[in-house]
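The values are calculated or read from the model by the stated rules, or taken from the named source; none is laboratory data. Computed from a predicted structure; not experimentally measured. Cβ atoms come from the backbone with ideal geometry, glycine included; neighbour counts cover every protein chain shown.
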Amino acid sequence: MIGEATARVRDELSEQRLTAARFRVLVAIVLVTLGLLGWRFGHLQLGAHEQYAARAEENRIRLRALPPNRGLILDRTGRVLAENRPAYRLVVVPERSLGLDDTLERIRALVPISESEEQRFDRQRSRSRRFEPLTIKSNLSEAEVARLAIERHHLPGVEIEPYLQRHYPHGELMAHVVGYVGRMDARDRARLDPDQYRATTHVGKIGVERHFEGVLHGDSGLERVETNAQGRVLRVLERVSPHAGSDLSLTIDLELQRTAIEALQQQAGAVVLLDVATGEVLALVSHPGFDPNLFVHGIAQSDYDQLLRDPQRPLFNRFLSGGYEPGSTIKPFLALAGLEYGLITPETRVFSSGAYRLPGHEREYRDWRREGHGWVDLELALAESVNVYFYELAVELGIDRISRELALFGFGRATGLDLPGEGQGLLPTRSWKRAQFGQPWFPGETVITGIGQGFTVVTPLQLAHATAALAGRGVTATPSLLGPGEPVRMVVHQDWVWDAVFEGMAAVVHGPSGSARAIASRLPARMAGKTGTAQVFGRDADAEDEDERDQAELPEHLRNHALFIGFAPFEAPTIAVAVVVEHGGGGASVAAPVAAAVVARALELGY
């Protein structure tokens, strides 16, 4: 019994010692933990105080960017071409609504919400906090605003918010020049300064709006705001107001722009009118156009598909990117080269029997008048656009000299107009053909180059620029939309050379047999000009007068393009014009009257 009691006492003492040891370990652990916590607390309060205080301040104070108002675009007389018009959008704050899905159903019953607007709203909803306003619909009509205002008490959390919207009051009249703004996308964000565009939703997409984006946009403003832990704005601490973009005054005259489009009527084409001395662009038309307002908030797919399906291609910028054979409008430039090189004189006469053959070849190159023109000198050859005369001249010049002469007038390269997307056209040479096709240059290709057929391609803008250089006797300026362009001497010829070609071009309009004599009575002053056609499908030669009747019998899409170039007043040229009418048939009957209308109005306005 005594042994058993002794054993129990030993066990109890052992358990007490074990318990005491465990307690000491636990106390040590607690003390070490408290020590670490105390050290950490001291470090945070003393050693890292500034670092974490700054972080707390950053969480409490936030910077909010403010978008600037976009600059206006005006014509040369101050008429507004692009403005910022007051508009209204519908926004909802989810946490203040009685139920977002129910609220959306009520809104749909009052105003139509498109599929694209629904998708945009869902994207906003997925990445926004419940207290942040979400845009449901932009550009509300007056009727929509009225309906929503009446039902306002049934729509808690829904607001009608005013804002400024880009608007183009003249619609398609200036669409291809001014362009339009649209919602920023990933490509826009990649090319633009993120600091300046943090609060911007729309940027220029084409035309002046895109090319002068940096000028029109302005400088963003900034607000320092205090927020709570959830990011809700409590108050504005400081505000730096944004600076509006600069207004742009273009050289375009809206009245001349309207005159050109009215003269084109329903025909697709381009008109370019330049100031000869300064290069200022007075009219710049690609017709038909489109309504740029459709693109501001994202064009509906049905509207976009309709524009794409339109056979007249309203989205295509003809004056800037359109490529056309110059046809007989090239003949004055060849005449200059022939005179300068001494291959012809103003009195040189060529007999046109209605066809031309290269020596040793059987192929005939037809004149537009089947029976020919008989004996013609330079003035008559230009006035009546005699193909045989220029076939012979082209062969005497050769492709090398022809290419050099045309290059002097800017053919084959962009003019440098301050708009994006300008085409270069095509000025063929021996080396170009060898590189392109692996073939030599053939004599027959020189023949048709003499009347502006074959490989040569020009844009309406190039054609107008070359005509301005012609009118300025080799001196003009780079085309510009913002004022006088850079002066440039493009070519040097003797005075008598210019005189001879000018007289021939004057006879085109005012001569008794001139191809454009029908427009003379519509002009308030003498004008020099040249008609032309560009082939759409294969023919032996271009049609200038009688063959236009044949063109009228063709389906429209197979008719030749009609061209005209000119300058006025003849005695001291101030303006130069180029017109292209797609599938117009003939330059004399279709393009020349368009040019006459624009030139007459420009002279009446004092240009």
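Exactly one of these conditions fails for GLY485: (1) surrounded by 24 or more Cβ atoms within 10 Å (Cβ to Cβ); (2) in contact with a helix residue (DSSP H, G or I) (Cβ under 9 Å, 6 or more places away or on another chain). Give me its number. All conditions are met except number (2). Just one residue in the set ARG79, ARG89, ARG120 is under 33 Å from the mean Cα position of the chain (by Cα), under 23 Å from ARG210 (Cα atoms) and at pLDDT 75 or above; that residue is ARG79.
Per-residue answers, yes or no, for (1) in the same structural domain as PHE121 (by TED's automatic domain parsing); (2) out of contact with any helix residue (DSSP H, G or I) (no Cβ under 8 Å at 6 or more places or on another chain); (3) at pLDDT 95 or above:
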site: PRO156; (1), (2), (3): yes, no, no
site: MET174; (1), (2), (3): yes, no, yes
site: LEU192; (1), (2), (3): yes, no, no
site: ALA199; (1), (2), (3): yes, yes, no
site: GLU223; (1), (2), (3): yes, yes, no
site: ARG239; (1), (2), (3): yes, yes, no
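Within 25 Å of VAL475 (Cβ to Cβ) and among the β-branched types (Val, Ile, Thr) - does that describe any residue in the stretch 343-364?
Of the residues in the stretch 343-364, the ones within 25 Å of VAL475 (Cβ to Cβ) are 343-346.
Cutting the leftovers down to among the β-branched types (Val, Ile, Thr) gives us 344-345.
Yes, there is a match, as at least one residue in the stretch 343-364 is within 25 Å of VAL475 (Cβ to Cβ) and among the β-branched types (Val, Ile, Thr).
Consider HIS561 carefully, then state whether it is closer than 28 Å to ARG313 by Cβ and surrounded by fewer than 24 Cβ atoms within 10 Å (Cβ to Cβ). No. Is there a residue being more than 27 Å from ALA468 (Cα to Cα), in contact (Cβ under 8 Å) with a residue 40 or more places away in the chain and of a type in the set (Lys, Arg) anywhere in the stretch 394-402? Looking through the stretch 394-402, none of the residues is more than 27 Å from ALA468 (Cα to Cα), in contact (Cβ under 8 Å) with a residue 40 or more places away in the chain and of a type in the set (Lys, Arg). Within the stretch 85-106, the set of residues being farther than 23 Å from VAL296 by Cα and not small (Gly, Ala, Ser) comprises VAL93, PRO94, GLU95, ARG96, LEU98, LEU100, ASP101, ASP102, THR103, LEU104, GLU105, ARG106.
Which of the residues belonging to the stretch 368-417 are among the acidic types (Asp, Glu) and farther than 19 Å from ALA507 by Cα? Correct list: GLU371, GLU392, GLU396, ASP400, GLU405.
Matching residues to (1) at pLDDT 95 or above; (2) not charged (D, E, K, R):
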{"position": "ARG349", "(1), (2)": "yes, no"}
{"position": "ALA355", "(1), (2)": "no, yes"}
{"position": "TRP368", "(1), (2)": "no, yes"}
{"position": "TYR391", "(1), (2)": "yes, yes"}
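Considering the stretch 525-542, the residues that are small (Gly, Ala, Ser) and farther than 17 Å from ALA381 by Cβ include one that is modelled with the highest pLDDT, namely ALA525.
Residues in the stretch 312-341 that are polar (S, T, N, Q), out of contact with any Phe, Trp or Tyr (no Cβ under 9 Å at 6 or more places or on another chain) and in a helix (DSSP H, G or I): 1 in all.
Listed here are the residues, each with its yes/no results for (1) closer than 30 Å to ALA596 by Cα; (2) surrounded by fewer than 21 Cβ atoms within 10 Å (Cβ to Cβ).
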position: GLN266; (1), (2): yes, yes
position: LEU274; (1), (2): yes, no
position: VAL281; (1), (2): yes, no
position: LEU294; (1), (2): no, yes
position: ARG309; (1), (2): no, yes
position: ALA337; (1), (2): yes, no
position: ILE344; (1), (2): no, no
position: ALA355; (1), (2): no, yes
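Just checking, how many residues over the stretch 389-400 are hydrophobic (A, V, I, L, M, F, W, C) and either touching a Gly at 6+ places or on another chain (Cβ under 7 Å) or not in a helix (DSSP H, G or I) (or both)?
Here the count works out to 4.
For the stretch 241-265, which positions are under 19 Å from the mean Cα position of the chain (by Cα) and modelled with pLDDT under 95? Scanning the stretch 241-265 gives no hits. Contact annotation: residue pairs with Cβ atoms under 8 Å, 6 or more positions apart or on different chains, pairing a residue in the stretch 106-119 that is polar (S, T, N, Q) with a partner that is surrounded by 13 or more Cβ atoms within 10 Å (Cβ to Cβ), are SER114/ALA300; SER116/GLY298; SER116/ALA300. For the stretch 361-407, taking the residues that are among the aromatic types (Phe, Trp, Tyr) and more than 39 Å from the chain's Cα centre (by Cα), the one that is farthest from GLY454 (Cα to Cα) is identified as TRP375. Restricting attention to the stretch 560-586, the residues being more than 19 Å from LEU320 (Cβ to Cβ), touching a residue at least 24 places away in the same chain (Cβ under 8 Å) and outside any strand (DSSP E or B) number 10.
Filtering ARG363, ARG369 for residues that are surrounded by 14 or more Cβ atoms within 10 Å (Cβ to Cβ), assigned to a loop (DSSP other than H, G, I, E, B) and basic (Lys, Arg) leaves a single hit, ARG369.
TRP432 satisfies every condition listed in (1) touching a residue at least 24 places away in the same chain (Cβ under 8 Å); (2) not in a loop (DSSP other than H, G, I, E, B) except (1).
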